[in-house]
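Report on the following structure.
The values are calculated or read from the model by the stated rules, or taken from the named source; none is laboratory data. Everything numeric in this text was worked out from a predicted model, so none of it was measured. Please note: Cβ atoms are built from the backbone with ideal geometry, for glycine as well, and neighbour counts cover all protein chains shown.
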Amino acid sequence: MSSSSCDVVVEMRNIVKKFPGVVANDNVSLKICRGEVLAILGENGAGKTTLMNILYGLYLPDEGSIYINGKRVIHASPKDAIKNGVGMVHQHFTLVDDLTVAENIVLGAEDFKVYYNPGKLIEKIREFMKDIGLYVEPSKKAYELSAGEKQKVEILKALYRRISVLILDEPTSVLSPIEVNELFKTIRRLKEKGISIVFISHKLDEVLEIADRIVVMRAGKIVGELARKDANVRLLASMMIGASGLSSIEEKFEKNTSTGRKLLEVIDLWVKGDRGEDAVKGVRLSVREGEIVGVAGVAGSGQKELAEAIYGLRPVKRGRIMFNEVEITGLPTVERIKLGISYIPEERVRYGVSLELPIYENIYLEKIHSEKSKRGLLEALGVSPLKKRVMLEYAQHVVNKFGVKTPSLTTVAGKLSGGNIQRLIVGRELERGPKLVIASEPTAGLDIAATNFVRRTLVDMSRRGVGVLLISSDLQEVLSLSHKVVVLCNGEVMGVVIPGEASIEDIGLMMTCSKKMSIEEVEKIWAM
Amino acid sequence: MLDGRLKEYLTGFAEVVVAIVAGMLIGGLVMVIGGYNPVDAYYQLFVPSLTTGYGLEMTLSFATPIILTALTFAVGVRAGLFNIGAEGQMYMGALGAVIFGAITLPSILYLPLEFIVAAVLGMIWGVIAGILKAYRGVNEVVSTIMLNWIAYWIVESMRVYVIPNPVDASKTVSVPPAGRLPLLVEGTELSAAIIISILVLIFTYFLLWKTAIGYEIRAVGYNPLASRYAGINVRRVALYSFIIGGFTAGIAGFCEVAGRPPSYAITTGLSNLMGLGFDGLTVSLIGYNHPIGILLASIFIGAMKAGSRNMQIYARVPLEMVQTVQGLIIIALSIPGLLRIISRRIGGVR
């Protein structure tokens, strides 16, 4: 299918959008046909999301115009966009946790009333869901839902407003593989109903599986457009990252072969989750110098609580954490930082940076601890003067070494793209000379170049004798980088495997709590 | 990126100008309806207090304590806290200074001791809310409002029972001449307190932007989660913010007692202190919680206070109308700042 011969629903003409220091969209023109799945493919910061945010009325374009069904429109707010039949589901969910699914769906819609009968509403929404063929129990509260269900509700929310174009921004980044399949089924069903889907992604395999037509963006411009039948991984990848980046696709990493003595040892660890439940149940694991130990599991199996406990952010209910043969179970985070533990947290914008602080202050956030010696009175009180020049120099060094693209060091972090924020965090955590790195979802939402960069950096660190605890829901990533992989399910260790020696099927069974290795087997692998 | 920051400052400035104009238009409308001449009234409100020597001196003397109580609120906001306890902390500071009216000391010791005791009492009053917040999770808005009233009644009962003025029952003992800050201009109320006030302002600026603890305060204010993940002790930051705030508010109390003629005491019902803490809140909001903004905003509010007498006498606008008009201007000015804080509190991390 080519865009010239289709029923055009939306046309964006010569869109230009500039932000301080970057041109996010540089004269971009795009057509969306009725009932097609259009993938917009590009690296982080290529301008995909900006373009769709313009269509959805979140940004006004600096230049250019939007036509819907041939009529020129101005989308000054999402309200205008929805009125014209354009809906969007963002990467981050916008549901109200304490409301039911049904209430979430009607909230803010035209026919929403302040007084309503909850029972009737739920029945009405149930009917609506059956009509659409997409079902999430409408009486459930939003906080009870899994990521996949939440996304369905977001989609239903958009459909309830009778939209004809649905934009999905990186919809698979928060989903497990099974949920991704569910999402694809949903997309196909919507397509049959004549709804156009815009699928923003940087994952080649997903785009090839679901899209009818693929538009590739790079550095704010459209660099290619092709039908699925003409596309393949190599071609798309070369368009996406430019010819120069070709060699780095699917980079293979050689694992470090010499590991040293035990660095981190976690013994019978029990940790409570946010709702008071046991999130980590009797976990035992160890990381040696120069070793990468992976933690695999379905999202929400206790990975986050485990990492937070090791870093001192969450109290330990039972068990011990040893670092270099010294117990650190009760130490505050700052002491663990001084001992040489680094943490690359998941959800980088939430836990990793202060969006309003400038780059250089974000980079120095932890380095500041290593300067406090408690010797001087001023330092003990915390009122020692900042050495801005030193901070700037250090930040410049990190920015250069880790390739953070920014207009200047005093730019606030909120102006950076997701990939560059991650580079900043990785740089901050690795440059302060850690002995142990805890990396949580370090490549989530990153493009190929940035992903390879992060992985290569971690492997390099392990070669220099640094221990790495790699927590990731990307099973392929865990298996290809780690020496040993701990499989978690429901907060319990189901088994420990050496990549290449266990079958994917076995690992899958363990991830879903369907198989558990015996203690002897696990001990044997730890002893290796 | 200087031009980006400049643009930010300019939009901030434009916001303030639009707010002033809007407030004055609504106030003007009210005056027209009431049958008064708004042009004349506004002229008398602002021009003499900003252009004549005497007016300017009055303006600055009114600005003195507000600068300090504004800093209390600003340091709180920077740490992500809504500390509205400047009022009570200032009462305690004033108490700390005025008790020296009942103590005989070598002359040279009065001022330093008044300063120190005022600062310490202010800090203690601040840190109580800080401890409640950091260790028990008590909402600082609730605790500081309650502490304000506790301080009010402590000071009021001290005035009546412990340190009443022997010749005038409507106030406390006055601090002796040796314990008063020198007047900068004879015949006005402008004393060296304004210098102390500006020094404290510079000190706070330095603390927030040039020291490690200030860096931590700002980081926690913007993103407490990321700060905790970066090993910052969030409790300690909350305590510090309340202590610094209590310090500046305590000094405000000291300035009012030791630096404002004619009483050099605390008057009945704390009438010479009341409201200065909340004026500071307004000033901080108008001044973007930034020391430089606070300085400008406090001069503006000081000018309105100084000009209200002129507005009554020369433009013949009754006091109630003057207060209504001033209230409208202040509300208009506070709206942008309030909206920013509310949206940050509701929106959390973007």
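Points to keep in mind about this one:
- Identity of the residue in region B:205-235, farther than 13 Å from A:Ser354 by Cβ and in a loop (DSSP other than H, G, I, E, B), that ends up farthest from the other protein chains (Cβ to nearest Cβ): B:Asn233
- Residue count for region A:388-421, restricted to those that are of a type in the set (Ser, Thr, Tyr), surrounded by fewer than 21 Cβ atoms within 10 Å (Cβ to Cβ) and within 21 Å of A:Ile344 (Cβ to Cβ): 1
- Residue satisfying condition, being more than 7 Å from every other protein chain (Cβ to nearest Cβ), surrounded by 16 or more Cβ atoms within 10 Å (Cβ to Cβ), without any contact (Cβ under 8 Å) to a residue 60 or more places away in the chain and within 15 Å of B:Ile232 (Cα to Cα), within set A:Gly319, A:Gly312: A:Gly312
- Region A:42-89: number of residues that are part of a helix (DSSP H, G or I), within 21 Å of A:Gly418 (Cα to Cα) and β-branched (Val, Ile, Thr): 3
- Enumerated helices (runs of 4 or more DSSP H) restricted to region B:1-98, each holding at least 2 residues that are out of contact with any helix residue (DSSP H, G or I) (no Cβ under 6 Å at 6 or more places or on another chain) and not charged (D, E, K, R): B:2-34, B:38-51, B:53-78
- Subset of region B:236-256 that is of a type in the set (Ser, Thr, Tyr) and more than 11 Å from chain A (Cβ to nearest Cβ) - its residue that is farthest from the chain's Cα centre (by Cα): B:Ser241
- Checking each residue in region A:194-206 for being at pLDDT below 90 and either outside any helix (DSSP H, G or I) or in contact with a Ser or Thr (Cβ under 8 Å, 6 or more places away or on another chain) (or both) picks out A:Ser201, A:His202, A:Lys203, A:Glu206.
- Qualifying positions in region A:164-217 - within 23 Å of A:Gly508 (Cα to Cα) and surrounded by 23 or more Cβ atoms within 10 Å (Cβ to Cβ): A:Pro171
- Of the residues making up region B:312-324, those that are crowded, with 20+ Cβ neighbours inside 10 Å and either modelled with pLDDT of 90 or more or part of a loop (DSSP other than H, G, I, E, B) (or both) are B:Ala315, B:Val317.
- Hey, B:Thr51 surrounded by fewer than 15 Cβ atoms within 10 Å (Cβ to Cβ), within 14 Å of chain A (Cβ to nearest Cβ), free of Cβ contacts under 8 Å to residues at least 24 places away in the same chain and of a type in the set (Val, Ile, Thr) or not: no
- Among the residues here, A:Gly297 does not qualify as buried (at least 18 other Cβ atoms within 10 Å of the Cβ) and either within 14 Å of chain B (Cβ to nearest Cβ) or hydrophobic (A, V, I, L, M, F, W, C) (or both).
- Qualifying residue in region A:343-350 (condition: more than 14 Å from every other protein chain (Cβ to nearest Cβ) and touching a strand residue (DSSP E or B) at 6+ places or on another chain (Cβ under 7 Å)): no
- Exactly one residue out of A:Lys140, A:Lys157 is of a type in the set (Lys, Arg) and in the same structural domain as A:Asp212 (by TED's automatic domain parsing): that is A:Lys157.
Conditions tested, residue by residue: (1) within 30 Å of B:Glu186 (Cβ to Cβ); (2) buried (at least 24 other Cβ atoms within 10 Å of the Cβ); (3) without any contact (Cβ under 8 Å) to a residue 24 or more places away in the chain; (4) of a type in the set (Gly, Ala, Ser).
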site: B:Leu10; (1), (2), (3), (4): no, no, yes, no
site: B:Ile33; (1), (2), (3), (4): no, no, yes, no
site: B:Tyr43; (1), (2), (3), (4): yes, no, no, no
site: B:Leu56; (1), (2), (3), (4): yes, no, yes, no
site: B:Leu68; (1), (2), (3), (4): yes, yes, no, no
site: B:Glu87; (1), (2), (3), (4): no, yes, no, no
site: B:Gly93; (1), (2), (3), (4): yes, yes, no, yes
